[in-house]
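Worksheet for the structure shown next.
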Amino acid sequence: QVQLVESGGGLVQPGGSLRLSCAASGIIFRLSAMGWYRQAPGKQRELVARIRSGGSTNYADSVKGRFTISRDNPKNTVYLEMNSLKPEDTAVYYCNAGGNLYYSGESWGQGTQVTVSS
């Protein structure tokens, strides 16, 4: 059974920072591409960042230069460091295992809420 558990969300002021974590089990983590997606109210779920097993990364234009995705294979954990947060970053952030740039993987976490507000 694949399990992905996100943590680290919360309420922050514009310009602030958060570090999200996703702990994975039930997969061969070191061989799995991992992604972070987000969904804001009234909008479609979108890819935020993706990291392949070899370490290469992709970012949405809206977060490039502000967010960093990384992975710690011995801990089976993928991170999303978010800096210079904006109100438009407010969304539920989801961890995803597998997939590619065009198709998400079949495994999702429950999500963690990120709210950026004054």
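The values are calculated or read from the model by the stated rules, or taken from the named source; none is laboratory data. Bear in mind the structure is a predicted one, so any value in this text is a computation, not a measurement. Reconstructed Cβ throughout: ideal geometry from the backbone, glycine too, with neighbour counts over all protein chains shown. Heads up: the accessible areas ignore ligands, DNA and RNA and are worked out on the full protein's heavy atoms, side chains in. Shrake-Rupley method; radii C 1.70, N 1.55, O 1.52, S 1.80 Å.
Observations, loosely collected:
- Check on THR90, under 17 Å from GLN113 (Cβ atoms), β-branched (Val, Ile, Thr) and either touching a strand residue (DSSP E or B) at 6+ places or on another chain (Cβ under 7 Å) or at pLDDT 95 or above (or both): yes
- Of all residues making up segment 42-75, the number that are on the phi < 0 side of the Ramachandran plot, in contact (Cβ under 8 Å) with a residue 12 or more places away in the chain and open to solvent by less than 50 Å² (accessible area, probe 1.4 Å): 13
- Any chance ARG30 is outside any loop (DSSP other than H, G, I, E, B), open to solvent by 40 Å² or more (accessible area, probe 1.4 Å) and either farther than 24 Å from GLY10 by Cβ or touching a residue at least 60 places away in the same chain (Cβ under 8 Å) (or both): yes
- Answer residue from segment 102-116, given it is outside any strand (DSSP E or B) and open to solvent by 70 Å² or more (accessible area, probe 1.4 Å) and is farthest from ALA24 (Cα to Cα) among those: TYR102
- Residues in segment 84-118 that are hydrophobic (A, V, I, L, M, F, W, C), touching a helix residue (DSSP H, G or I) at 6+ places or on another chain (Cβ under 7 Å) and more than 12 Å from VAL48 (Cβ to Cβ): VAL116 only.
- Selection status of SER32, over 28 Å from VAL116 (Cβ atoms) and within 15 Å of the chain's Cα centre (by Cα): yes
- Considering (1) part of a loop (DSSP other than H, G, I, E, B); (2) closer than 14 Å to GLN113 by Cβ; (3) touching a helix residue (DSSP H, G or I) at 6+ places or on another chain (Cβ under 9 Å), the lone condition that PRO41 does not fulfil carries the number (3).
- Residue in segment 58-68 that is within 20 Å of GLY26 (Cα to Cα), out of contact with any helix residue (DSSP H, G or I) (no Cβ under 9 Å at 6 or more places or on another chain) and at pLDDT 95 or above present: no
- Condition check for VAL78 on (1) without any contact (Cβ under 8 Å) to a residue 60 or more places away in the chain; (2) open to solvent by 10 Å² or more (accessible area, probe 1.4 Å); (3) within 18 Å of GLN3 (Cα to Cα): one failure, at (2).
- Of all residues in segment 1-27 being hydroxyl-bearing (Ser, Thr, Tyr) and touching a residue at least 60 places away in the same chain (Cβ under 8 Å), the one that is farthest from GLY105 (Cα to Cα): SER17
- Screening segment 1-27 for residues that are over 13 Å from TYR79 (Cβ atoms) and among the polar types (S, T, N, Q) and picking the one that is most open to solvent (accessible area, probe 1.4 Å) gives GLN1.
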